[in-house]
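Comments concern the structure below.
The values are calculated or read from the model by the stated rules, or taken from the named source; none is laboratory data. Everything numeric in this text was worked out from a predicted model, so none of it was measured. Heads up, the Cβs are rebuilt from the backbone with ideal geometry, glycines too, and the neighbour counts pull from every protein chain shown. Just so you know, the surface numbers come from the protein's heavy atoms only, side chains and all, with ligands and any DNA or RNA stripped out. Shrake-Rupley method; radii C 1.70, N 1.55, O 1.52, S 1.80 Å.
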Amino acid sequence: MPLLEVKGLSAAHGLVPALHRVDFHVEQGEVVGVLGHNGMGKTTLMRAIMGFVKVTGGDIRFEGSSILGLPVNARARLGIGHVPQGREIFPNLSVEENLQVGIVGGKAAMAGTVAEVLELFPRLERLLDRRGGALSGGEQQLLALARCLCRKPNVMLLDEPTEGIQPSIIDEISETLSALTRRQDITIVLVEQNLEFIAGLCSRVYAISNGILDRQIPREQLTDSRAVSEFMGFVT
Amino acid sequence: MTTINRRLFIKSTGAAAALSLAAPLVARAAADPIKVGGLHDLSGALDSIGIPMNQVFQMAIKEINDAGGLLGRPVEGVIYDPQSNMSLYSQYATQMAVKDRVAVVMGGITSASRETIRPIFHRFKTLYFYNTQYEGGVCDRNEITLGTTPAQTVRRVIPYAMNLFGKRVYTIAADYNYGHITSAWVKRFVEENGGEVIETEFFPLDVSQFGSTISKIQAAKPDFVLSAMVGTSHLGFYRQWAGAGMKSQIPIVSTVFGAGPEQVILTPEEGNGILSCFGYYEAVDNPTNTAFLARVKAAYPDNTPTISEISEVTYEGMMIWADAVREAGSIEREALWEVMESGKTYDLPAGKVSIDPKTHHAIRDVYIAELQDQVFQIKEAFPQSQPEDTQMVCDLVADPEANKHYEISL
Amino acid sequence: MTEVEGYKILRTRGLTMQFGGVTAVDNVDLDLNDGELRCLLGPNGAGKSTFFKCLTGQLTPTRGEITFKDQPITGWNTHDIVNLGVGIKTQVPNLFNGVSVYENVRLASRRKHMPAMAREIAEKMMEKCGISHLARREVGLLAHGQRQLVELAMVLAEEPSLILLDEPAAGMTGDERDRLAQLVLEAARGSAVIVVEHDMQFIRQIAKFVTVFNRGAIFREAMIDDIMRDRAVQEIYLGKQANAAA
Amino acid sequence: MEKSAIRDPGFYLMIAIGLAALFIGPLVVDMFTIMQVTQYVVLSVFALSLGYIWGFGGILSFGQAAFFGLGAYTFAVASINIGETTIPLILSFLLPAAFGAALGYFMFYGKLSDVYLGVVTMVVTLIFWKLANHTAGPEYVIGKARLGGFNGIPSIPTLNIPGEPDAWLDPAQLFQVFMAILIAVYVGLRLLIASDFGRVSIGIRENETRASLLGYDVRKHKVIVFSIGSGIAGLAGAMWATYQSFIDPNAFGMEMSAKALVWVMAGGVGTLVGPILGVILLQWLTLKLGMMELLNSFVVLGAIMMALVLALPKGMVPTLRGWALTGWTLARRGRGAARAKKPGEEGGAG
Amino acid sequence: MDYFIVVALEMVRAVAWLVLLSAGLAIIFGMMRVINFAHGEFLMLGGYTVVTSTHAGVNEAVAILILAPLSVGLFGIIVERLVIRRLYGRILDSLLATWGLSMLMIGGVTLIFGNTVEGIASPFGGMAIGAYQVPIYNFVLIGFAALVLFGVWVVLKFTRAGLIARATMQNPAMAEALGVRTSWVYMATFGIGSGVTGLAGGLIAPVTGVVPTMGVNFVGQAFITVITGGAAVITGTLSSATLLGTISQATTFLAGPVYGDAALLLVALVLLRLLPQGITGRIFKRSL
């Protein structure tokens, strides 16, 4: 049984359709990527799974049962973690407080400790007293990831974590997540434009275009980046 | 005009709706009742004063009907609630005069409401009784004014208090016509009696914080405080005065305390010892009053109103009007004026009352009383006080067409 | 890097925009010739839209200067800048939703022209953009691609001397995109144009000289063919593995 | 929206109803009803002033009473001093409009928005109310007019025929003049809304950013809209003063501002008929409640307000129009076409 | 010198008064961006709870400190469930609905209690400062104003609930995505805000007395204090109450209460013009 399964999912922004009958699944411990441009529906897909976007058709199943009727917070408490595009740090909370919100929002049993998470993100350690809004984009991204991991989510929805971030931090994120997946600790759905990042982490990659998720890019093609570049429109 | 309107009236669909709107509330008695209008605030800021007035008004109607009605016809009350809202006052007044065609109207509480409706009744020739104590100066033959004026009350209570407490007076007053005019009278009477008003402060009706004033009064060290404070917000003054422990230090004299149910809203600790002056207290000791209070209690056993001058005078208004109707054998106002202007004396709960033909104001007994445990104890009575202030500016005998509210300059 | 000579209609010096700890636009020096068509590339979050907002006065830059038509417009009100001759199609279309397509476009042309002329221009622009058949429709109910075209028609109807287009091709079908490319090329004959776009097919249809943004700063400026071959540029888009592709 | 007022049948229907009431009303209805309706007419003008700036300029003012009161006091003071009412009536439009322009400049050039805008307008109203209440003393006199504080100004002249100060209007004539003013204000606003200026206002309401990105000076535009609304509110205040022949500080009251909000809200924001219907319905109800001793009128009015917000958030006119349109679509296309489109334009019938 | 102390004390009391009047409203506005126009009537309800329960023989302190906040808090929760909940994100609609609620409450209380109820005397009496008498109860008011602000600060700063509240205030969608039941947070916030308002109503009842319409006198001041303060509950309330309270009280001493009120309004007007998002919209941004 897949941990997370999306079946025939359609969604719309008002009257404008954004997702068409999207199907995919994620197994426990797997890292699945979704590659696509801006405006193709990547973020909408993430937000639909999380419950922010109204679904017009299809189903989303988590651990075998449908979560469509659940509000966002209930999905979060089931163990779905979300690292949204734009990071959505609480700007006036300190870094430490940001992390604590990650813990207190969840079930007590699920909660890790701030200390455990800081081991994964040593860079945050010396920033603990800083205001979230005062961090650089890269630091904010680390914080968003750490905040999500504080809750030990069963599956993590990761929305463009490399957006606008210095390469050193992209590498850091990549390494941290690789380490976690190697320990089979975590299941991730990752939407990205950055091929390197997605190829480095994901076992399977789907391509999304105009709200249609129809192609799975085979693992071997990921290393043949010409095919992917073509997909991205860089090569004629 | 009337005939045309009646003819057109039937054609109009809109008028039918308006008619159903205007259907009186009190059940129609036998055919062709005499309608009397009651226009008192039953909701909004002044309802605590308006509701007892309305209760007594209805009781008076019932008493008149129980005694066989007037001219063989029953009396029917037309009661509207202007909700302490001046534009509703003006609407309902018009409605009573033009549509309901009431014989007489009792009503209006503040001077503002009176000045809203008085011109309307004057214009439509509908007899009007204003039953509230006020600042004086209305000169209008159509209005019978039965409440006390400063010349009747302030004039008495100032020398009484100066005699008791001393000659230095600190005046605090509500910031509107009544307060301004009353404090001018206070100043005049204090000075006439050889005293001094050391300060006069005015407070908008919505002020409820008096800390700074209480400090100022303490700094000024008057012999007593003269209060012409009005309304529920201003009651905060008495509470805060007591809260600061000032009650034992400087006495308070008021020209208006007890017009509404103030004495039962304040606790005894807050209210005891306040001196005031009115044309009526429940404590007035005569058989008419005893019987009157018993009837009030019987009519409203569950929600017995505290009777103040304003509500008692409303009862007076109804009784004086009914008497005039009986004697004149008519409800036409000219005939009623004649009876009332005849100098006839009425025996009423407040004592002896007659109407001054020059001003259409009441000549009446006035009392000074002190509040003890939420009940006024009468200290002194002044029989047959004249409305001298209004008399200074108004002579309806000489000028029956007068239609003005004078501000009496001192 | 190719230097293009001519009258500089737009010039920024040291333009910087910070939000708290995040630097969205970082010390940008950009020059634009009159009548030039410039493409602005860069991954998400590179600061392109923020850069546009600084140019139009929607944001006041933290530091730096902007000169347009030899006027220092830094800190000016949006409408004053616009009235100097700037037209912008924003990333998420900003439209008058409750009213019709025609009314939207007409309000754009009406700013400069008398009613009769404004009507004529509005109709012409709708025709050009292929939305005449939608003229009476309420804008709020249109699909994304159609909304993009409406906004484009509005920008063209303003007849600005500098046109800023933020992701004009997003949400468009192939045909719509081809038409858009023609429109942009045509517009560039009369005005200077800056286009921000991710759609590489579209970019190749129109681009000559290209500026690449990365993390708020100018990363490269070169002709499109050089950019397409530039490994570093592909890297910032796709990550290091893109190397192999070149 | 581009369907101009000139071609809209609803517009002519409204004018026809208005003219019919103006000419035929006094002939068929008794005087009391005429006076009653006169009141609705006055308050409708007031409601239109807010309906315009809110519905067609996107400016939500909690302090429309400031201008209403200012107009009323301007008229009272000027007419008592001049002894004639035509110039005061004009002044009562101009002075509030000028004050509205000044306040608008203060607010819109300060980039105040939504709830803060509301508070500032409310505070201005409160200041007027407090100061007007404070003018009880004899020292507050303007020319021959005592301001009178809480008690207000009595004996305000009834309107007279222009140029003939002694030719006072009787209630029927007053009704006719007021009805004419209402029609003029309604027609004027409809034409204004249909004009390019009005369309830009609607554009600003729909999307301020786009309006400024087209080069329209949003601030200036809002100041003008606000000032026109203020002038109309002032005119309504003057009509109120002369209708009641007295005015007191409650003209500046929060309740007056709030009532205007409720009328517009109940009738429908973005229409001009809505505010008028709102006035008629709610004023009629208030009056009726005051004549029944069933329930405290506050209870009923409060309940109605809450019900309106919860059940008819768009107001009566747009809701009814929506129903009508749905019904029409259904009838025309049969059951399959139940997805009725939203009405394509504001104020189509308004 | 005595007079100076008395005047200063009166200013502090005026500040405390504004803090008490507006704290509950500030909590609700700061957290939820909802303007509760029935705020004055919530105060009134607190006052009535105290007066009626005291007359029924309940100890005054118990009535003020326990019954008033509890009953008004519960009432607030019911109101949130039935009305406010449906109007999130619609500032104006919630304002109009709560205005309707305020009329409903005035009418309802009038129906139940009538329009006049005997008040309770203010406890403790007066004390002497030099030649002057001041009410001891003033110190109670000042103390509780400080306590309310301090209490809110402690809760927000040091408790789990406070952390959740602050996170929700800054970014409700993200808080929700982290498992926070924001609808519960809002309900609790409204309840607590109402409870604080109930306490304030109970505290002011001995000073002003109770009538059904009393709220009207307070809602304007509370509203202006909150909006002038801006979104931060504690710093906002404290800074605007201090500024408005001292200036208006100083003006009252110098020129009388009308000018005091007018000064309060004018200062608020100028402040909002200069700082369109309130004091804490510009300065003290990061505070609670």
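Find the strands (runs of 3 or more DSSP E) located wholly in region C:17-115 whose residues include 3 or more that are more than 10 Å from every other protein chain (Cβ to nearest Cβ) and either in contact (Cβ under 8 Å) with a residue 60 or more places away in the chain or more than 24 Å from C:Cys129 (Cα to Cα) (or both), and list them.
Details: elements: C:22-33, C:37-41, C:63-68, C:86-89.
Qualifying strands (runs of 3 or more DSSP E): C:22-33, C:37-41, C:63-68.
Here is a yes/no grid of residues against (1) away from chain D (no Cβ under 12 Å); (2) over 22 Å from E:Val148 (Cβ atoms); (3) at pLDDT below 80:
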{"site": "E:Leu238", "(1), (2), (3)": "yes, no, no"}
{"site": "E:Ala250", "(1), (2), (3)": "yes, yes, no"}
{"site": "E:Phe253", "(1), (2), (3)": "yes, yes, no"}
{"site": "E:Ala263", "(1), (2), (3)": "no, yes, no"}
{"site": "E:Val267", "(1), (2), (3)": "no, yes, no"}
{"site": "E:Val270", "(1), (2), (3)": "no, yes, no"}
{"site": "E:Pro276", "(1), (2), (3)": "no, yes, yes"}
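Taking region A:121-144 as the search range and keeping residues that are open to solvent by 40 Å² or more (accessible area, probe 1.4 Å) and in contact with a Leu (Cβ under 7 Å, 6 or more places away or on another chain), which one is farthest from A:Val101 (Cα to Cα)? Quick ask: steps written out before the conclusion?
Looking only at region A:121-144, we keep the residues that are open to solvent by 40 Å² or more (accessible area, probe 1.4 Å), and these are A:122-123, A:125-126, A:129-131.
Then drop every residue that is not in contact with a Leu (Cβ under 7 Å, 6 or more places away or on another chain), which leaves A:123, A:125.
Details: A:Arg123: 19, A:Glu125: 17 Å.
Among those residues, the one meeting the criterion is A:Arg123.
Give just the number: which of (1) within 23 Å of C:Glu197 (Cα to Cα); (2) surrounded by fewer than 23 Cβ atoms within 10 Å (Cβ to Cβ) does C:Gly42 not satisfy?
(2)
Being within 14 Å of chain B (Cβ to nearest Cβ), within 21 Å of the chain's Cα centre (by Cα) and open to solvent by 10 Å² or more (accessible area, probe 1.4 Å) is true for just one of D:Ala72, D:Ala65, D:Ala21. Which residue is that?
Values: D:Ala72 fails: open to solvent by 10 Å² or more (accessible area, probe 1.4 Å); D:Ala65 fails: open to solvent by 10 Å² or more (accessible area, probe 1.4 Å).
D:Ala21 is the lone residue from the list that is within 14 Å of chain B (Cβ to nearest Cβ), within 21 Å of the chain's Cα centre (by Cα) and open to solvent by 10 Å² or more (accessible area, probe 1.4 Å).
When residues of region B:382-410 are filtered for being within 14 Å of chain D (Cβ to nearest Cβ) and assigned to a loop (DSSP other than H, G, I, E, B), how many remain? Write out each step before concluding.
Of the residues in region B:382-410, the ones within 14 Å of chain D (Cβ to nearest Cβ) are B:402-410.
Cutting the leftovers down to assigned to a loop (DSSP other than H, G, I, E, B) gives us B:402, B:406-410.
Selection size over region B:382-410: 6.
I'm trying to understand the selection: among the residues of region E:1-52, which are among the small types (Gly, Ala, Ser) and at the interface with another protein chain (Cβ under 10 Å from one of its Cβ atoms)?
Residues of region E:1-52 among the small types (Gly, Ala, Ser): E:8, E:14, E:16, E:22-24, E:26, E:30, E:38, E:40, E:46-47.
Listed by number, the residues that qualify are E:Ala14, E:Ala38.
Checking the conditions here, which among E:Ser94, E:Ser71 is part of a helix (DSSP H, G or I) and open to solvent by less than 20 Å² (accessible area, probe 1.4 Å)?
Values: E:Ser71 fails: open to solvent by less than 20 Å² (accessible area, probe 1.4 Å).
None of the other options fit; the residue is E:Ser94.
Considering only region D:257-272, state which residues are open to solvent by 20 Å² or more (accessible area, probe 1.4 Å) and in a helix (DSSP H, G or I). If you could, list the steps in order and put the result at the bottom.
So the first thing to find is which residues in region D:257-272 are open to solvent by 20 Å² or more (accessible area, probe 1.4 Å), and the list is D:259, D:269.
Result: D:Lys259, single match.
Does any residue of region B:256-265 turn out to be acidic (Asp, Glu), within 29 Å of D:Trp129 (Cβ to Cβ), modelled with pLDDT under 90 and assigned by TED's automatic domain parsing to the domain that holds B:Arg188?
First, the residues of region B:256-265 that are acidic (Asp, Glu): B:262.
Of the ones still in play, those that are also within 29 Å of D:Trp129 (Cβ to Cβ) are B:262.
Keeping just the survivors that are modelled with pLDDT under 90 gives B:262.
Imposing the further condition that a residue be assigned by TED's automatic domain parsing to the domain that holds B:Arg188 reduces the set to none.
Taking every residue of region B:256-265 in turn, none turns out to be acidic (Asp, Glu), within 29 Å of D:Trp129 (Cβ to Cβ), modelled with pLDDT under 90 and assigned by TED's automatic domain parsing to the domain that holds B:Arg188.
Can you name the condition, by its number, that B:Val102 falls short on among (1) in contact with a Lys or Arg (Cβ under 7 Å, 6 or more places away or on another chain); (2) closer than 30 Å to B:Val190 by Cβ?
Condition not satisfied by B:Val102: (2).
Give region B:316-350 a look and list any residue that's touching a strand residue (DSSP E or B) at 6+ places or on another chain (Cβ under 8 Å) and either open to solvent by less than 10 Å² (accessible area, probe 1.4 Å) or of a type in the set (Phe, Trp, Tyr) (or both), or say none.
Scanning region B:316-350 gives B:Glu316, B:Gly317, B:Met318, B:Ile320, B:Trp321, B:Ala322, B:Val325, B:Leu336, B:Met340, B:Tyr346, B:Ala350.
Can you tell me how many residues in region B:142-201 are over 19 Å from B:Phe257 (Cα atoms) and among the hydroxyl-bearing types (Ser, Thr, Tyr)?
1
Return the residue satisfying two criteria in turn: it lies in region B:95-150 and is hydrophobic (A, V, I, L, M, F, W, C) and either in a loop (DSSP other than H, G, I, E, B) or outside the structural domain of B:Glu76 (by TED's automatic domain parsing) (or both), and of such residues it is nearest to B:Ala173 (Cα to Cα). Break it down into steps so the answer makes sense when it comes.
Within region B:95-150, the first condition is being hydrophobic (A, V, I, L, M, F, W, C), and the residues that meet it are B:96-98, B:102-106, B:109, B:112, B:117, B:120-121, B:124, B:127, B:129, B:138-139, B:144, B:146.
Next, from what is left, pick out any that are either in a loop (DSSP other than H, G, I, E, B) or outside the structural domain of B:Glu76 (by TED's automatic domain parsing) (or both): B:102-103, B:109, B:124, B:146.
Working: B:Val102: 37, B:Ala103: 37, B:Ile109: 18, B:Phe124: 35, B:Leu146: 23 Å.
Among them, the one singled out is B:Ile109.
Hey, can you tell me all the residues within region B:231-273 that are out of contact with any Asp or Glu (no Cβ under 9 Å at 6 or more places or on another chain), within 9 Å of another protein chain (Cβ to nearest Cβ) and hydrophobic (A, V, I, L, M, F, W, C)?
Within region B:231-273, B:Ala244, B:Met246 qualify.
What helices (runs of 4 or more DSSP H) completely inside region C:148-239 contain at least 3 residues that are open to solvent by 40 Å² or more (accessible area, probe 1.4 Å)? Step through it out loud before you land on a result.
Numbers: elements: C:174-190, C:200-206, C:224-229, C:231-238.
Output list reads C:174-190, C:200-206, C:224-229.
So for region E:227-235 (the condition being more than 10 Å from chain D (Cβ to nearest Cβ) and part of a loop (DSSP other than H, G, I, E, B)), does at least one residue qualify? So that I can check it myself, show each step before the final result.
Step one: list which residues in region E:227-235 are more than 10 Å from chain D (Cβ to nearest Cβ), which gives E:229, E:231-235.
Filter once more, keeping what is part of a loop (DSSP other than H, G, I, E, B): E:231-232.
Within region E:227-235, one or more residues are more than 10 Å from chain D (Cβ to nearest Cβ) and part of a loop (DSSP other than H, G, I, E, B).
Answer with yes or no whether D:Ser195 is out of contact with any helix residue (DSSP H, G or I) (no Cβ under 6 Å at 6 or more places or on another chain) and under 30 Å from B:His405 (Cβ atoms).
On the way: out of contact with any helix residue (DSSP H, G or I) (no Cβ under 6 Å at 6 or more places or on another chain): yes; under 30 Å from B:His405 (Cβ atoms): no.
No: the conditions fail for D:Ser195.
Could you grab the pairs with beta carbons closer than 6 Å, sequence gap of 6+ or different chains, first residue in region C:159-183 and more than 14 Å from chain A (Cβ to nearest Cβ) and closer than 12 Å to C:Glu197 by Cα, second one among the aromatic types (Phe, Trp, Tyr) and in a helix (DSSP H, G or I)?
Between residues of region C:159-183 that are more than 14 Å from chain A (Cβ to nearest Cβ) and closer than 12 Å to C:Glu197 by Cα and residues that are among the aromatic types (Phe, Trp, Tyr) and in a helix (DSSP H, G or I), the close pairs are C:Leu164/C:Phe52.
Find the strands (runs of 3 or more DSSP E) located wholly in region A:14-98 whose residues include 1 or more that are more than 14 Å from chain E (Cβ to nearest Cβ) and open to solvent by less than 40 Å² (accessible area, probe 1.4 Å), and list them. Before you say what the answer is, go through the steps one by one.
Numbers: elements: A:16-26, A:31-35, A:55-62, A:80-83.
Of the strands (runs of 3 or more DSSP E) lying wholly inside region A:14-98, those with at least 1 residues that are more than 14 Å from chain E (Cβ to nearest Cβ) and open to solvent by less than 40 Å² (accessible area, probe 1.4 Å) span A:16-26, A:31-35, A:55-62.
Taking region B:172-224 on its own, how many of its residues are farther than 19 Å from B:Arg239 by Cβ, more than 8 Å from every other protein chain (Cβ to nearest Cβ) and open to solvent by less than 20 Å² (accessible area, probe 1.4 Å)? Don't jump to the end; show me each part of the working.
To start, the set of residues in region B:172-224 that are farther than 19 Å from B:Arg239 by Cβ comprises B:175-200, B:202, B:219-223.
The next check asks that each one be more than 8 Å from every other protein chain (Cβ to nearest Cβ); those that pass are B:178, B:181-200, B:220-223.
Right, trim to open to solvent by less than 20 Å² (accessible area, probe 1.4 Å) and you get B:178, B:181-183, B:185-186, B:189-190, B:195, B:222.
Final tally of qualifying residues: 10.
Only one of B:Ile144, B:Ile172, B:Ile158, B:Ile217 is β-branched (Val, Ile, Thr) and closer than 30 Å to B:Val105 by Cα. Can you tell me which? Working first, answer last.
Details: B:Ile172 fails: closer than 30 Å to B:Val105 by Cα; B:Ile158 fails: closer than 30 Å to B:Val105 by Cα; B:Ile217 fails: closer than 30 Å to B:Val105 by Cα.
Of B:Ile144, B:Ile172, B:Ile158, B:Ile217, the one residue that is β-branched (Val, Ile, Thr) and closer than 30 Å to B:Val105 by Cα is B:Ile144.
Going through region B:66-109 one residue at a time, which ones are open to solvent by 20 Å² or more (accessible area, probe 1.4 Å) and touching a residue at least 60 places away in the same chain (Cβ under 8 Å)?
Answer for region B:66-109, where residues must be open to solvent by 20 Å² or more (accessible area, probe 1.4 Å) and touching a residue at least 60 places away in the same chain (Cβ under 8 Å): B:Leu71, B:Lys99, B:Arg101.
I'm told E:Gly162 meets every condition in (1) crowded, with 20+ Cβ neighbours inside 10 Å; (2) farther than 30 Å from B:Ala244 by Cβ except one. Can you identify the failing condition by its number?
Only one criterion is unmet by E:Gly162, namely (1).
Look at E:Phe124 and say whether it is aromatic (Phe, Trp, Tyr), part of a helix (DSSP H, G or I) and within 14 Å of chain B (Cβ to nearest Cβ). Talk me through it step by step, then tell me what you get.
On the way: aromatic (Phe, Trp, Tyr): yes; part of a helix (DSSP H, G or I): no; within 14 Å of chain B (Cβ to nearest Cβ): yes.
When the stated conditions are applied, E:Phe124 does not pass them.
For (1) facing chain E (nearest Cβ under 10 Å); (2) acidic (Asp, Glu), each residue gets a yes or a no:
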{"site": "D:Pro88", "(1), (2)": "no, no"}
{"site": "D:Gly100", "(1), (2)": "no, no"}
{"site": "D:Met107", "(1), (2)": "yes, no"}
{"site": "D:Val119", "(1), (2)": "yes, no"}
{"site": "D:Val123", "(1), (2)": "yes, no"}
{"site": "D:Leu126", "(1), (2)": "yes, no"}
{"site": "D:Ala132", "(1), (2)": "no, no"}
{"site": "D:Glu139", "(1), (2)": "no, yes"}
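What is the number of the single condition among (1) more than 14 Å from chain C (Cβ to nearest Cβ); (2) closer than 20 Å to A:Gly86 by Cβ; (3) open to solvent by 10 Å² or more (accessible area, probe 1.4 Å); (4) of a type in the set (Lys, Arg) that A:Arg147 does not meet?
Every listed condition holds for A:Arg147 apart from (3).
Which condition number in (1) in a strand (DSSP E or B); (2) open to solvent by 60 Å² or more (accessible area, probe 1.4 Å) is the one that B:Ala369 fails?
Just one mismatch for B:Ala369, condition (2).
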